[in-house]
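Here, each number is a calculation from the coordinates, and none is a lab measurement. Not measured: the values here are computed from a predicted model. Cβ atoms come from the backbone with ideal geometry, glycine included; neighbour counts cover every protein chain shown.
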Amino acid sequence: MPRAFRPRRLPEVGVPGRGAGMMKPTARWRERLASVVRLFGRNRMGLVGLAMLGLAIGVAVLAPWIAPYDPETTGRVTIDDIYARPSAAHLLGTDDGGKDVLSALVYGARVSLVVGFAASLISMLIGGSVGLIAGFYGGRVGNLMMRLTDIFLVIPDLPLMIVIVAMVGPSLWNIIIVIGILGWTGTARIVRSQALSLKERQFVLRARAIGAGNFHILRRHIFPLVLPLIVTNTVLVISLSILEESTLSFLGLGDPTTLSWGGMLNFAFTRGAISTGAWWALVAPGLGIVWVVLGCTLLGNALEEAFNPRLQSHHLQGEERMIARPAQPGASDA
Amino acid sequence: MSERPTAPPLLDVRDLTTRFITPEGVFHAVEGLSFQLERGESLGLVGESGCGKSTAMLSLLRLLPAAGRIVGGQALLDGTDLFGLDESDMRAVRWHRISMIFQGAMNAFNPVRTVGAQIAEALVFHGLAQDRGEAQPRVDELLEMVGITGARGSQYPHQYSGGMRQRAMIAMALACSPQVVIADEPTTALDVMIQAQILELLERLQRELGLAVILVTHDLSVVAEVCHRVLVMYGGVLAESCEVDGIFNQPLHPYTRRLLAAFPDLSRPEGKLVSIPGYPPRLNALPPGCRFAPRCEEVHERCLQERPKPRQVLPGHWVACHLHEAGAANDRT
Amino acid sequence: MARRDYLLKRAAWSVLTILFVLILNFFLFRILPGDPTTSIAKDPRLDADTRAALAARFGLDKPLVLNVQGGGLFDSQLFAYVDRLAHGDLGVSFNYGRPVGEILGERIGNTVLLVLGGQLLAIILGVGLGLLAAWKNRTPLDTGAIIFSLTAWSLPTFWLGILLLIIGSTYFGLPTAGRQTVGMDYASVWAQAIDVGRHLLLPTLTFTIVLLGEYMLVMRSSVLEILSEDYILTAKAKGLSQGQILRHHALQNAMLPIVTLIALNLGFTVAGAIQVETVFSWPGVGSLIYEAVRRQDYPVLQGAFLVIAISVVAANLAADLVYGLLDPRIKSP
């Protein structure tokens, strides 16, 4: 998962650092939100991502009105209907069952998005609480939790998912739960390190000194500052979950009652779309996956930059523009 | 501008003007700064943080961050304008002729290479040694000069204490026998005992090696101990400059006087620049007149409209303040 | 001394993780519904005696974890499983009727061949391009690199494989399935190697592209962070050129997070192998898993999972060792 590393601080040169004073914990919520919105608004890639995701959600919600055919009803299928080329009747052609690819694509958005959002919600809840507890309370319990997280981090996800889904049976809910309960480790790690550093900060120590309880500090001081991190991370986990769902479905472990994009690809791949040259049945669902995943990734990256503005430049930049004085006739050989 | 008719100064900075061009606007970090540095002289550059001291020094070595622009002025080192050199000639000047001791030596060393290797690197790059092995005796000599046994050169920065790291930084700065050493807040991150040691070391080396040193600090007591001459900056411009005794015995600029008032006892080194009401000016929204006017107790109409220019009001004593037009100064004395 | 402690700690940690994997593996196939042996032994159509006999045959009559009823504390299903594993017995494939260990042994070499090539290419290209993008921060080159990386990261591996398969076979006449041409007699080992190489081309390319994006992004942020460190400014002040700074001060430091990433990413690599091998019918462990899923060949699935998990843990340990070599701070934490 793309995780940005940030330069820690600006060299002291008398310029108020971008980002240096921006995320002061004492800053008011409204100001912080305004600055985040402003920075996000400047990020063209993030806006594109938001638009891509918005379009996908729109299509998923309005599927019955957008899709030209109802995927549930099976009309009469003749041999000519199988892998029919794109035409006016079928804008994206037909699949191995003679069904309209465009309609399947539109309905497939529902499956991908539902799995993506639901699974990452589970990951967020588990990862967020594990990270917060391990980071804030620390001690033996926190340590143990992190050890466990480390173990889960090392165990390869997909093979484990395959094994579990193969054994419990591939229903939509099973897939969501499996992806959700295996995808929380990254979130937990990031949230923990943030909570760890927050708990030593002045304002928390001050709150503790005036007798604030653990829960109060957690709720009022730590959680609001960890939340942006959790949100950003969740957006990235959504894209990961969608990729994982499509992979499982492609490997034949998708819910047989609903056709996801991965499932469409599974059918096309195993039922001769390549040898018959039916590229539309292979390209369209894949583009759907890339569209949604890329949208989430762009959005997540932009959010991360908006919450944690990075420096504009580093020490090896600006050399060629540094001398910007008017021409000095003969000054250099004075 | 100095009236000494003798040999030209080692470093002659004229009208240095540096700005930062950022999305938040243009920051006038240094405006029309001029000063000279003689051979073997120790010059203190004093001011609150954010007043442009470090920016001025980084400008001399052309090491500004990417947003920084040197928009005017000259920096003549032995008569050669540093701002007129091309990049590769400038690289040859860095460290070989002007070196720098950075503030917070904590991060000034690369954590994954030994201290000795990083000192040797400068020697090899500037052609003072063929390779690492040939540089070794000089590295040992340099380390021992600052009181570190040569064997510790093969250790990594994290194995050094803070004070030791700063001493190693000094050793590194002296590696190529530069003519000018700029020490930018060399003692800021250190505790008081170590601060004293480092300053003593700097002063001794300056004397013994005949170095010209610019000591950047916000601590006037440091200046009193180490420097021959003082340059006080405020809000990116020169406020006052004279021999070190002059600053303490006859401060002219209201800002300098406020600074000194904040140090009732100069022998107490833990003092900081405190208790001047108000804040330093924001360099992207400067007052139209004197930059100190909003905080000045002796402000009058003219200060709000016209920027005072530096004038020599006493021999070798420069001040930029409307209160000290040549005549006014005489009245006071 | 400290380094040895660090290594011992990491090794102990790996052993612990592997133990956890063993137990997880054991319970997965005992508790979750779907294991045919378990189902048969519980089939209500069989009479009680047959069921009991079957259960005894498979050892299912014994307690799951610890035998507290007598017959030895460790006379349980878990320890019987561990005992079989210790003897290299991973069970017998339902599909092939052969020992799982033997089947895995035949295939693992092919997977390593594929993964190693893809990883190596992706690391070299990713590190190089990431360094370049960070150096040229916020230029069109950098933006292009970011967009490429994010897109590559968003591609489903299997779909990219399918696209490359179609393109490669249609336009470049490359083979699309298997490890070598079926029924081919090779004139020399060389000829065989070329044939295998042609078969490897598309799967390796798929792998490289999918991994490249992430390596590049991480390298870019890592270099970006390092180029903003104080010690880079020191290096610049020392007169080093940009190329020298990148080579001597940025590369090694920036590689540290990459080493960790490569190790952590092995899980992701395994996921990629399953998909790539499935698409290109590459006879490795990945396609074996795919077949096992289709045919509900649980012993193979269980064995493959175990082998993969242990390889990943071992690779992580190896990465820890490399990290210890690269970062001197490990020596004395």
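The value obtained for the stretch C:230-333, namely the Cα convex hull volume divided by the number of residues, is 131 Å³ per residue. The slack between residue C:136 and residue C:3, meaning 0.36 nm per residue of separation minus the straight C-alpha distance, is 44.2 nm.
Taking amide hydrogens as placed 1.01 Å from N in the peptide plane, the amide H of residue A:169 sits under 5 Å from that of no residue at least 5 positions away in sequence or on another chain. Note on residue A:212/residue A:143: beta-carbon distance plugged into 1/(1 + (r/R0)^6) with R0 of 25 Å gives a FRET efficiency of 0.55.
Sorting A:31, B:31 from the fewest to the most surrounding beta carbons within 10 angstrom yields A:31, B:31. Of the GluC sites (Glu not before Pro) found in the stretch A:187-262, those in coil by DSSP whose Cβ has at most 16 other Cβ atoms within 10 Å are A:200.
Counting neighbouring beta carbons within 10 Å and listing from fewest to most, the residues C:87, C:249, A:221 come out as C:87, A:221, C:249. Which of the three applies to chain A, rounded, prolate or oblate, going by the alpha-carbon gyration tensor with a ≥ b ≥ c and a/c under 1.5 meaning rounded? Because a/c hits 1.5 or more and a/b fails to exceed b/c, chain A counts as oblate. Judged by the gyration tensor of its Cα atoms, with axes a ≥ b ≥ c, chain C is oblate; a/c meets the 1.5 cut and b/c is at least as large as a/b. When C:9, C:238 are sorted by how many other C-beta atoms sit within 10 angstrom of their C-beta, beginning with the fewest, the order is C:9, C:238.
Helix A:29-42 and the longest principal axis of the Cα set of chain A meet at an angle near 60°. Projecting the alpha carbon convex hull of chain B along each direction and taking the average yields 17.6 nm². For the protein assembly as shown, taking Cα atoms only, Rg and Dmax work out to 34.7, 121 Å respectively.
With R₀ set to 45 Å, the beta-carbon distance separating residue C:186 from residue B:149 gives a calculated FRET efficiency near 0.10. Each DSSP beta bridge with both residues in the stretch B:1-155 is either parallel or antiparallel, and the antiparallel ones are about 95%. Here's the picture: charge each Lys and Arg Cβ at +1 and each Asp and Glu Cβ at -1 in the stretch C:107-326, and of C:211, C:300, C:245 the one pushed furthest to the positive end of that dipole is C:245. The label point for residue B:300 and the one for residue A:205, both projected 7 Å from the Cα toward the Cβ, are 4.9 nm apart. Once both labels are positioned 7 Å from their Cα atoms along Cα-to-Cβ, the gap between residue C:106 and residue A:66 label points is 4.7 nm.
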